[in-house]
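The values are calculated or read from the model by the stated rules, or taken from the named source; none is laboratory data. Note that the structure is a prediction, hence the values are computed from the model and not measured. Here the Cβ positions follow ideal geometry from the backbone for every residue, glycine too, while neighbour counts run over all protein chains shown. When the accessible area is computed, the model is the full protein with side chains, heavy atoms only, and any ligands, DNA or RNA have been set aside. Shrake-Rupley method; radii C 1.70, N 1.55, O 1.52, S 1.80 Å.
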Amino acid sequence: MSKITFTLVLSCLALIVGIQDLSAQQITAPMKQHTLVRPPYLKVGDTVAIVAPSGVLKNKNAEIQYAQDLLKSWGLHSVLGQNLYTDANHFAGTDAQRAADFQKAMDDPTISAIWSARGGYGAVRILDKLDYTKFKNKPKWVIGYSDITALHSQLHNEGFESLHAVMAAGITTDLKGIEESVATFKDAIFGKPLAYTLEGSIFNRVGKASGELVGGNLTLLHSMLGSKTNIDTSGKIIFIEEVGEHLYHVDRMLQSLKRAGYFDNCKGVLVGDFSNTRQNTTPWGSGIEQLILDALADYDFPIAFEMPAGHEDDNRALIFGRNIELAVTKEGTTVKFDK
């Protein structure tokens, strides 16, 4: 072997070893923790845009006015999306119209928060039409629940906190029955600390955990699987809620999420309301709590029931993307959000 060939062989070997070492470092190096961008809290004089990214608003003019009056009582201004009351069959306008309203609110530097008028169905149809370029320069709170889970998921993957809370069409003239929903919504958008003490449950799986809170409506989380809007739940605490589903369908969605690895590396599960569960001709054989425990029996993370959030009057605000401390016992659960 010539001296030149020998030198080339040694150089190649050194290069291969270096690449292997680098690969090993990349594999074994811990993932860096990232902190999501927190939009500025609201202050007196700020403006909130009320838009409808999902279902059509029929006969909701009074509720939207109540919502505007509520904001005014807090010292906030409000503007309505151009297509808020547009009727496009199932939707509040065409996909293009709903996306345009949402995009305008995202891009407008005078808007401090975007409050969804209602859920229903339709947000997923505008996800790929939205451009976050200007939003990233001036982020703002996006507020809603249920179908708005699709937007929460996208915002999380874009790197922003968002607010799971009561929607504009849910506001009543006297706030009767929704006092806690409104009070915690106000606390959240004005930056007051959030902490909840939940009722105990014999179904609670005890333990402590901390991590970013993510999640939302179970059907929407399930529908995000396999898409770029699916959330990486590693190291996070997952909140779930649902309405109007058969128990077997809830189980099917949980099994699908489980098979996709959704729960493999999460830190815990916080269970909200599962409202108006539908009865099947063949009885399931247990309630929703036991169904969830059975579906998640292979994991040892804490599971807390009795979180008043979802499709009930008492719908407490949750900040998605914010770190929480979760402490679960049979006697009760505490949920504390980082400041």
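Apart from one condition, Lys236 fits all of (1) in contact with a Ser or Thr (Cβ under 9 Å, 6 or more places away or on another chain); (2) open to solvent by less than 30 Å² (accessible area, probe 1.4 Å); (3) of a type in the set (D, E, K, R); the exception is (1). Selection over the stretch 304-339 of residues that are more than 18 Å from the chain's Cα centre (by Cα) and either open to solvent by less than 10 Å² (accessible area, probe 1.4 Å) or hydrophobic (A, V, I, L, M, F, W, C) (or both) gives a count of 3. The single condition among (1) over 23 Å from the mean Cα position of the chain (by Cα); (2) open to solvent by 70 Å² or more (accessible area, probe 1.4 Å); (3) polar (S, T, N, Q) that Thr133 does not meet is (1). Residue by residue through the stretch 239-267, note down the ones that are open to solvent by 60 Å² or more (accessible area, probe 1.4 Å), assigned to a loop (DSSP other than H, G, I, E, B) and more than 21 Å from Ser210 (Cβ to Cβ). Passing the criteria: only Ala260.
Of all residues in the stretch 192-216, exactly one satisfies the criterion of being touching a residue at least 12 places away in the same chain (Cβ under 8 Å), closer than 17 Å to Trp141 by Cβ and open to solvent by 30 Å² or more (accessible area, probe 1.4 Å), namely Pro193. Going through (1) modelled with pLDDT under 95; (2) over 22 Å from the mean Cα position of the chain (by Cα) one by one, Lys43 falls short only on (1).
Of the strands (runs of 3 or more DSSP E) lying entirely inside the stretch 126-224, those carrying at least 3 residues that are at pLDDT 95 or above and either of a type in the set (Gly, Ala, Ser) or out of contact with any strand residue (DSSP E or B) (no Cβ under 8 Å at 6 or more places or on another chain) (or both) are 207-217.
For first residues located in the stretch 61-86 and at positive phi, partners that are open to solvent by 20 Å² or more (accessible area, probe 1.4 Å) and not basic (Lys, Arg) and lie 6+ apart or on another chain with Cβ distances below 7 Å form the pairs Gly75/Val44; Gly75/Gly45.
Count of the stretch 75-102 residues, restricted to those that are of a type in the set (Gly, Ala, Ser) and in a helix (DSSP H, G or I), is 3. One residue alone among Asn323, Asn315 is farther than 16 Å from Tyr248 by Cβ and in contact with a helix residue (DSSP H, G or I) (Cβ under 6 Å, 6 or more places away or on another chain), and that residue is Asn315.
Could we say that Leu130 is touching a residue at least 60 places away in the same chain (Cβ under 8 Å) and of a type in the set (A, V, I, L, M) here?
No.
Go through the stretch 54-77 and give me each residue that's under 18 Å from Ser112 (Cβ atoms), small (Gly, Ala, Ser) and surrounded by 20 or more Cβ atoms within 10 Å (Cβ to Cβ). Hit for the stretch 54-77 is Ala67, nothing else.
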